[in-house]
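The values are calculated or read from the model by the stated rules, or taken from the named source; none is laboratory data. Values in this document were obtained by computation on a predicted structure and should not be read as measured data. Quick reminder, even Gly has a Cβ in these numbers, built from the backbone with ideal geometry, and neighbours come from all protein chains shown.
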């Protein structure tokens, strides 16, 4: 039996007090928390409790198509009536454009994560209240509890729920003109949308002393979503509340509220204390199963953050049926929160860090076999859009990353059965690329290099697009695409020799040798001591200094000649390296952008034009170790991320950062490949 190593809670504290020197209430708006349910649903908000994003909510349920992720409950307005009948609002709800009035900042004394689960502590005129939130795994349910820790009671707690049932990515100003319908049956309360019977009812279950749901006729209000305003989207939207939930508490007593879209049988199957206990135990097991290097401190937090991206999709029914018919299960990886679904590229890059380094090898196999079903015309899907069952295939590199992910999986598991299952599909991928497939993806018979590109499409990982404007089209022969192509050919040569015979293995090796020769002849940019980003592009060869060249010797089979490794590494380290990853473009370039900020067009113009990407620290460290073989120094490149665990989304790693100090975190507040590459590289740079 495996030793249990995580009896203690993994803590991340954010102290907060009026006694602190000039506490800035804006921090309560810019720092966020995230809890997920393994279905793609989540609960998330600012630490203050105010919804600053359209995606914020205490329950964002992932519902079957065509619904997808729905904001079902936005937040609670929290009020405490003291014994002298003074009514105190200690919520973070009320925000306007011209006045910041966060009453919660007067009463909050601490926010913390306990093994990734949020806890708030308030001091309300001597009454200490602790609030906790849990989402049971694989349920669209949120459990909240309010415990009166001290103070001479009784006190009356009122929670006024605010809601607007809408897809989580929809504009916040979608019309909300009619009240929802409320039904009650004993202690069961349901809120239903009379305009759309596809939307399940929102159920409330209350536990505690003297509980009730007081209906007061309902109230409409409008609130500001501050982050949406800064991002150039609709930022003021309506919410509706039917009344308030209530309980009377004495010291040591707890008011539990369950909100859910599940059936009542599922809701009543778990009492609130049991739900919290079981979820904490599940999280302890996750850390116990991880690599020993990852079981303590902020690395253990990252193991829990990794769990947020591993999803059992409940929306693609046909996939589940196929998998179950084969005795298998379906898993995928969501690329980031709050708005990404599963992307082929992100999934394959993240697989090692999120699953193999965390001891979740079985689920890694599920993911690889699941994506094997999606291969079409020799391509892996780029992404699965929200509320749809079919993937989009406009990607040139996701398919090549599939080979890389399979290699890492086989190295850890030795699962030859999965290799034999997938090998015919992998051979078909190679053949499709040799004769040409969609979006102009084909091997050039003149030099054996892989080219890609079609007007209106962004096919590499640098994929920003606004309307018809593809910001970084990179049409032609991109440097990392050909590094991945060579790596795939070398892997296929080995796997074919082991499973299919020498003839196919020799053919793969011949293709690889030709690719390598052409690569070193065509991509070397002599005057820069670096590599072209694209050759044979629309405007010739592109010498733009980008991080993509690092893949030429970071992968298992380096395509770049060894004599050039150090030169390329030095250029990348000197111009692109930051404490939070690599810049996406060198600062000397005319298109370089220092800041990722503003409306959609401004942000996408900067997305790959200087903005720092956290995940790129991974391939940089792989390349750095190839040149210097110094694990201690390589690990130092990761230490800047530790402080970031208390910023942005507390307990996770952001998608991108501004290109220059102070390297403000931007984009998705929790990104799969950012977390994955940190985990992977921390293990890689540990002691052998």
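So that you can scan it fast, the table gives a plain yes or no per residue for (1) more than 22 Å from residue 359 (Cβ to Cβ); (2) buried (at least 20 other Cβ atoms within 10 Å of the Cβ); (3) assigned by TED's automatic domain parsing to the domain that holds residue 68; (4) in contact with a strand residue (DSSP E or B) (Cβ under 7 Å, 6 or more places away or on another chain):
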| site | (1), (2), (3), (4) |
| --- | --- |
| 267 | yes, yes, yes, yes |
| 295 | no, no, no, no |
| 302 | no, yes, no, no |
| 314 | yes, no, no, yes |
| 328 | no, no, no, no |
| 332 | no, yes, no, yes |
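Within the group 61, 50, which residue is assigned by TED's automatic domain parsing to the domain that holds residue 250, within 29 Å of residue 667 (Cα to Cα) and modelled with pLDDT of 95 or more?
61
Hand me the list of strands (runs of 3 or more DSSP E) wholly inside the range 96-180 holding 2 or more residues that are at pLDDT 95 or above and within 17 Å of residue 46 (Cβ to Cβ).
Fully inside the range 96-180 and qualifying: 108-114, 117-124, 127-134, 141-150.
Tell me, which residue of the range 189-198 that is in contact with a strand residue (DSSP E or B) (Cβ under 7 Å, 6 or more places away or on another chain) and surrounded by 15 or more Cβ atoms within 10 Å (Cβ to Cβ) is nearest to residue 147 (Cα to Cα)?
Among them, the one singled out is 189.
Do we find that residue 180 is free of Cβ contacts under 8 Å to residues at least 40 places away in the same chain and touching a strand residue (DSSP E or B) at 6+ places or on another chain (Cβ under 8 Å) in this structure?
Criteria not met by residue 180.
Looking at 521, 499, 538, 504, which is the one that is within 25 Å of residue 405 (Cα to Cα), loosely packed, with under 15 Cβ neighbours inside 10 Å and either touching a strand residue (DSSP E or B) at 6+ places or on another chain (Cβ under 7 Å) or not assigned by TED's automatic domain parsing to the domain that holds residue 419 (or both)?
Going through 521, 499, 538, 504 in turn, just one is within 25 Å of residue 405 (Cα to Cα), loosely packed, with under 15 Cβ neighbours inside 10 Å and either touching a strand residue (DSSP E or B) at 6+ places or on another chain (Cβ under 7 Å) or not assigned by TED's automatic domain parsing to the domain that holds residue 419 (or both): 499.
So which residues in the range 387-399 are farther than 22 Å from residue 456 by Cα and either touching a strand residue (DSSP E or B) at 6+ places or on another chain (Cβ under 6 Å) or without any contact (Cβ under 8 Å) to a residue 12 or more places away in the chain (or both), if there are any at all?
387
Given the structure, is residue 402 out of contact with any strand residue (DSSP E or B) (no Cβ under 9 Å at 6 or more places or on another chain), buried (at least 19 other Cβ atoms within 10 Å of the Cβ) and closer than 30 Å to residue 62 by Cβ?
Spelling it out, residue 402 is indeed out of contact with any strand residue (DSSP E or B) (no Cβ under 9 Å at 6 or more places or on another chain), buried (at least 19 other Cβ atoms within 10 Å of the Cβ) and closer than 30 Å to residue 62 by Cβ.
Could you please find all residues in the range 184-200 being part of a strand (DSSP E or B) and in contact (Cβ under 8 Å) with a residue 12 or more places away in the chain?
Across the range 184-200, the qualifying residues are 184, 188, 189, 190, 191, 192.
I'd like the full set of residues that are without any contact (Cβ under 8 Å) to a residue 24 or more places away in the chain and over 19 Å from residue 394 (Cβ atoms), limited to the range 436-472.
Across the range 436-472, the qualifying residues are 445, 446.
When you look at residue 346, is it under 20 Å from residue 39 (Cβ atoms) and in a loop (DSSP other than H, G, I, E, B), yes or no?
No, not satisfied.
Quickly run through the range 205-246 and pick out the residues that are crowded, with 19+ Cβ neighbours inside 10 Å and in a helix (DSSP H, G or I).
226, 227, 228
Mind checking which residues of the range 305-336 are touching a helix residue (DSSP H, G or I) at 6+ places or on another chain (Cβ under 6 Å) and in a helix (DSSP H, G or I)?
Within the range 305-336, 305, 306, 307 meet the criteria.
Can you tell which of 59, 113 is surrounded by 16 or more Cβ atoms within 10 Å (Cβ to Cβ), in contact (Cβ under 8 Å) with a residue 12 or more places away in the chain, over 30 Å from residue 200 (Cα atoms) and under 25 Å from the mean Cα position of the chain (by Cα)?
Step by step, each of 59, 113 is checked, and only 113 is surrounded by 16 or more Cβ atoms within 10 Å (Cβ to Cβ), in contact (Cβ under 8 Å) with a residue 12 or more places away in the chain, over 30 Å from residue 200 (Cα atoms) and under 25 Å from the mean Cα position of the chain (by Cα).
If you scan the range 566-604, which residues turn out to be within 22 Å of the chain's Cα centre (by Cα), surrounded by fewer than 21 Cβ atoms within 10 Å (Cβ to Cβ), part of a loop (DSSP other than H, G, I, E, B) and at pLDDT 95 or above?
579, 595
Has the range 408-429 got at least one residue that is within 22 Å of the chain's Cα centre (by Cα) and at pLDDT 95 or above?
yes
Across the range 247-270, what is the total count of residues that are in a loop (DSSP other than H, G, I, E, B), within 18 Å of residue 211 (Cβ to Cβ) and at pLDDT 95 or above?
Selection size over the range 247-270: 4.
At least 3 residues that are closer than 30 Å to residue 45 by Cα and at pLDDT 95 or above in each: list the helices (runs of 4 or more DSSP H) lying fully within the range 605-658 that qualify.
Correct list: 640-644.
Of everything in the range 375-386 that's touching a residue at least 24 places away in the same chain (Cβ under 8 Å) and either within 19 Å of the chain's Cα centre (by Cα) or surrounded by fewer than 19 Cβ atoms within 10 Å (Cβ to Cβ) (or both), which residue is farthest from residue 672 (Cα to Cα)?
The selected residue is 377.
Looking at (1) without any contact (Cβ under 8 Å) to a residue 60 or more places away in the chain; (2) in the same structural domain as residue 618 (by TED's automatic domain parsing); (3) more than 16 Å from residue 622 (Cβ to Cβ), find the lone condition where residue 582 falls short.
Exception for residue 582: condition (3).
I'd like the full set of residues that are touching a helix residue (DSSP H, G or I) at 6+ places or on another chain (Cβ under 7 Å), in a loop (DSSP other than H, G, I, E, B) and at pLDDT below 95, limited to the range 458-470.
464
Test each condition in (1) in a loop (DSSP other than H, G, I, E, B); (2) surrounded by 15 or more Cβ atoms within 10 Å (Cβ to Cβ) for residue 556 and report the one that comes out false.
(2)
So, residue 625, is that one in contact (Cβ under 8 Å) with a residue 12 or more places away in the chain and over 30 Å from residue 527 (Cβ atoms) or not?
Here the answer is no, as residue 625 does not meet what is asked.
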